[in-house]
Amino acid sequence: MEVGITTGNNDYFCVNSETVQKYNLQKYCKPLIARSVNIKGIQFTEDDWRTNIEAGARTYLLDLTPFNKDEFTKGVKEYILFGEKSEQNTTYKCKIRDEWYKIPSVWIPDAFFLRRNYLYPKFMLNTEEVNAVSTDTMHRVRFLNSKNKKRMVAAYYTSVAMIFSELEGRSYGGGVLEILPGEVGRILLPNIFDDGIMPDDEIDDLLLTIDQYIRNHDDVVELLEITDRKILIDRLGVTEDEVLKFRSAWISLRNRRLVRGGRQATDL
């Protein structure tokens, strides 16, 4: 896991469809999640990306690193010249590069983890239909075993993982929970990585339930009633009383953070 892409100047390198068309940048761009509001559910689909494009969002990352100068079109050269004339290349990260317009460490992750969160931390799958990249508002996740990616995201949306997210993260300004890559790696998940524990078709159905719920609700307290039952109770044999204690503990930890930041607490 690593932090998202540090462009050095998001206003220049994160571009909308209008800029892409104006300078003919299609060949040199990757689909982008620039802000947390650009991803609604827990799977970033082509429909999500197209919706962001239509809304005029910055949905492309200009990635010139794979290309030599002699491969640049007239439009790319004009955009680079625009950047230099408007001093877009004077930020610190740009100035220390050999070629200021080439962003280092651009790679496509399997999933994203939101760096700063309010009601709950968000863990989201990338999809092969888009193969998006993200700015450093999100951490980039690459799985050792890609077969487990759906299971890891499903297991994350349980009271157990939410508790460890609160314990490992730190309270930022206004009650926001900030979680850094090393801290994300210490979050414990329920073990549903064996098909014998939970079949693939049930994982797919559960992911769809989680995705649809999060697209339509701000909080996950009621969602956890569903996921805790399907994962912790039905598959792992945890008692209902223990699960209720887990959920109550998470809400208590979250409320403490929110109240410290001047936010309203939540009842179970």
### Message
Anything in segment 91-108 that is in a helix (DSSP H, G or I) and surrounded by 13 or more Cβ atoms within 10 Å (Cβ to Cβ)? List them, or say none.
### Response
LYS93, CYS94
### Summary
Among residues of segment 226-259 being out of contact with any Ser or Thr (no Cβ under 6 Å at 6 or more places or on another chain) and of a type in the set (Lys, Arg), the residue farthest from SER165 (Cα to Cα) is ARG235
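Residue by residue, here is whether (1) modelled with pLDDT of 95 or more; (2) under 24 Å from GLU46 (Cβ atoms); (3) open to solvent by less than 40 Å² (accessible area, probe 1.4 Å); (4) part of a loop (DSSP other than H, G, I, E, B) holds:
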position	(1), (2), (3), (4)
PRO66	yes, yes, no, yes
GLY75	yes, no, yes, no
TYR79	yes, no, yes, no
PHE82	yes, no, no, no
### Summary
Checked segment 200-220 for anything outside any loop (DSSP other than H, G, I, E, B), open to solvent by less than 50 Å² (accessible area, probe 1.4 Å) and out of contact with any Gly (no Cβ under 7 Å at 6 or more places or on another chain); matches are ILE203, LEU206, LEU207, ILE210, TYR213
### Query
Can you name the number of the only condition in (1) closer than 24 Å to MET138 by Cβ; (2) touching a Leu at 6+ places or on another chain (Cβ under 9 Å); (3) of a type in the set (Val, Ile, Thr) that ILE251 fails?
(1)
### Message
Taking the conditions exactly as written (within 28 Å of ASP48 (Cβ to Cβ), out of contact with any Gly (no Cβ under 8 Å at 6 or more places or on another chain), at pLDDT 95 or above and part of a helix (DSSP H, G or I)), does ALA161 satisfy them or not?
### Response
yes
#### Entry: Filtered residue count, segment 234-268, keeping only those that are over 27 Å from ARG151 (Cβ atoms), part of a helix (DSSP H, G or I), among the basic types (Lys, Arg) and open to solvent by 80 Å² or more (accessible area, probe 1.4 Å)
2
### Pair list, Cβ under 6 Å, 6 or more apart: segment 66-95 residue more than 15 Å from VAL20 (Cα to Cα), other residue in a helix (DSSP H, G or I)
GLN88/TYR12; ASN89/GLY83
#### Entry: Boolean, ARG58 is assigned to a loop (DSSP other than H, G, I, E, B) and basic (Lys, Arg)
yes
### Message
Any residue in segment 213-224 that is among the hydroxyl-bearing types (Ser, Thr, Tyr) sitting within a Cβ distance under 9 Å of a residue that is open to solvent by 10 Å² or more (accessible area, probe 1.4 Å)? List the pairs, counting only those 6 or more apart or interchain.
### Response
TYR213/GLU222; TYR213/ILE226
### Message
Would you confirm whether or not segment 109-127 contains a residue that is at negative phi, loosely packed, with under 13 Cβ neighbours inside 10 Å and either out of contact with any Pro (no Cβ under 9 Å at 6 or more places or on another chain) or in a strand (DSSP E or B) (or both)?
### Response
no
### Message
Looking only at residues that are open to solvent by 30 Å² or more (accessible area, probe 1.4 Å), in a helix (DSSP H, G or I) and at pLDDT below 95 in segment 26-45, which one is nearest to PRO121 (Cα to Cα)?
### Response
SER36
### Task
Considering each of ILE192, ILE231, ILE197 in turn, give the residue that is in contact (Cβ under 8 Å) with a residue 12 or more places away in the chain, open to solvent by 20 Å² or more (accessible area, probe 1.4 Å) and among the β-branched types (Val, Ile, Thr).
ILE197
### Message
Can you tell me which residue is farthest from GLU225 (Cα to Cα) among those in segment 152-171 that are open to solvent by 10 Å² or more (accessible area, probe 1.4 Å), within 18 Å of the chain's Cα centre (by Cα) and touching a residue at least 40 places away in the same chain (Cβ under 8 Å)?
### Response
GLY169
### Message
Among (1) closer than 13 Å to TYR12 by Cβ; (2) assigned to a strand (DSSP E or B); (3) among the hydroxyl-bearing types (Ser, Thr, Tyr), there is one condition SER134 misses while meeting the rest; what is its number?
### Response
(1)
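The values are calculated or read from the model by the stated rules, or taken from the named source; none is laboratory data. As the structure is a computational prediction, the values presented were derived from the model and not from experiment. Every residue, glycine among them, receives a Cβ derived from its backbone with ideal geometry; neighbour counts consider all protein chains shown. Calculation scope for accessible area: heavy atoms of the full protein, side chains included, ligands and nucleic acids excluded. Shrake-Rupley method; radii C 1.70, N 1.55, O 1.52, S 1.80 Å.
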